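Presented below is the structure to which this report refers.
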Amino acid sequence: MKIVCCEKIDCAQRFSVVEFGRTRPAQPEPRKIVCPYCGHVTYEQTRGAFIVTALEVELMLLNNEE
Ligand SMILES: [Zn+2]
């Protein structure tokens with residue numbers, strides 16, 4: 001799992017992206033990552049797929065302290 005920040009300047013929310021199926025014997029393909037807050041779409045290469053989850057407020061605060 002990784003925490004990413006929305007690329008859209010006026011959103012800039014953080015959310016978690018879990019990649020699964022990355023060991024599949026398939027060619028990596030660009031897959032959608034959709035911001036759960038504003039719907040902004042980005043693409044990343046993966047052999048599997050992504051699960052995107054909005055972070056809880058507490059977790060966001062923890063990450064902001066870094
Ligand atoms: Zn966003």
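Here, each number is a calculation from the coordinates, and none is a lab measurement. Since the structure is predicted, the reported quantities are computational estimates derived from the model, not experimental observations. All Cβ positions, glycine included, derive from the backbone under ideal geometry; neighbour counts span all protein chains shown.
Data overview
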item	result
Histogram of C-alpha separations across the stretch 2-64, 5 Å bin width, %	4, 19, 26, 22, 14, 10, 4, 1
Within the stretch 1-36: backbone nitrogen closer than 12 Å to the Y43 label point (7 Å, Cα to C-beta)	29-33
